[in-house]
1. Residues in the stretch 90-110 that are surrounded by fewer than 18 Cβ atoms within 10 Å (Cβ to Cβ) and acidic (Asp, Glu): how many?
2. Among the residues in the stretch 29-37, are any within 16 Å of the ligand (Cβ to nearest atom), open to solvent by 50 Å² or more (accessible area, probe 1.4 Å) and free of Cβ contacts under 8 Å to residues at least 24 places away in the same chain?
3. What are the residues in the stretch 1-27 that are polar (S, T, N, Q) and surrounded by fewer than 21 Cβ atoms within 10 Å (Cβ to Cβ), if any?
4. Is one or more of the residues making up the stretch 42-51 in contact (Cβ under 8 Å) with a residue 12 or more places away in the chain, within 16 Å of the ligand (Cβ to nearest atom) and within 19 Å of residue 123 (Cβ to Cβ)?
5. Run down 211, 132, 124 and say which single residue is under 28 Å from residue 91 (Cβ atoms), away from the ligand (no atom under 14 Å from the Cβ) and among the basic types (Lys, Arg).
6. In the stretch 52-73, how many are of a type outside the set (Gly, Ala, Ser), open to solvent by less than 10 Å² (accessible area, probe 1.4 Å) and touching an Asp or Glu at 6+ places or on another chain (Cβ under 7 Å)?
7. Taking into account only those residues within the stretch 111-139 that are within 21 Å of residue 25 (Cα to Cα) and in a loop (DSSP other than H, G, I, E, B), which is least open to solvent (accessible area, probe 1.4 Å)?
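The values are calculated or read from the model by the stated rules, or taken from the named source; none is laboratory data. All of these numbers come straight from a predicted model, not from anything done at the bench. Neighbour counts run over all protein chains shown; Cβ positions are idealised from the backbone, glycine included. Side chains included, ligands, DNA and RNA excluded: accessible areas come from the protein's heavy atoms. Shrake-Rupley method; radii C 1.70, N 1.55, O 1.52, S 1.80 Å.
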Amino acid sequence: MKIFIDTANIDMIKEINSWGILDGVTTNPSLIAKEKTDLRTCVKKISEIVDGPISAEAISMDAEAMIKEGKELSSIHPNINIKLPMCTEALKATKVLSSEGIDVNMTLIFSPHQALLASKAGARFVSPFVGRLDDVGQDGSEMLSQIIAVFRNYDIDTEVIAASIRHPMHILEAAMFGADIATIPYDILKKMVTHPKTDEGIKLFLADHERSKK
Ligand code: G3P
């Protein structure tokens, strides 16, 4: 499973990239606003750090404007893909952008039906929001597994990005289902590294090493 980071924070991206595990980056308007930056400047900086897909989200709500915005954003760097929010206008824009070689990441996916339509329109990625579905008392992981099963049934090559990840169990489930990608917030990536028994083991080895010198 490929690992993307879900942030627009440049320091966090640099740190996680330095671990040697980062395959790409996703941003959204809320993450951009949090960093008090603008989308173009931010994704340009990211493209200088990470060698992999970078999602930049369009904010237009009609197909023609989405296509224009998508073309402008994708001209910043070849690794940039255009995030469009699932709706009929986004499907129309996806058809055009993908036929012109511009990758689309269809976002705000909450059902296998939406994912299937996005793939038919030519989206390279779909982003099912696992955590936000859990938030309203539905099973986000179940929705993710259904999308993966449907795509497998028909050899659909649209990549599934498990998004809106809230804890490490979401990542384990995504990997067990066979999601292509998980886009993970910084804090949760840090949680993936540590285990109390690892910390305990390191302390013990270092203490034993000190004792053996005496
Ligand atoms: O970037 C899209 C998605 O991962 C957002 O997650 O935590 O705002 O539901 P969240």
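1. Adding up the residues that qualify gives 1.
2. For the stretch 29-37, residues within 16 Å of the ligand (Cβ to nearest atom), open to solvent by 50 Å² or more (accessible area, probe 1.4 Å) and free of Cβ contacts under 8 Å to residues at least 24 places away in the same chain: present.
3. Result: 9, 17, 18.
4. yes
5. The match here is 124.
6. 1
7. Ranking the candidates gives 123 first.
Yes/no per residue for (1) over 25 Å from residue 89 (Cβ atoms); (2) open to solvent by 20 Å² or more (accessible area, probe 1.4 Å); (3) modelled with pLDDT under 95; (4) within 16 Å of the ligand (Cβ to nearest atom):
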residue: 141; (1), (2), (3), (4): yes, no, no, yes
residue: 152; (1), (2), (3), (4): yes, yes, no, no
residue: 157; (1), (2), (3), (4): no, yes, no, no
residue: 161; (1), (2), (3), (4): no, no, no, yes
residue: 166; (1), (2), (3), (4): yes, yes, no, yes
residue: 176; (1), (2), (3), (4): yes, yes, no, no
residue: 197; (1), (2), (3), (4): yes, yes, no, no
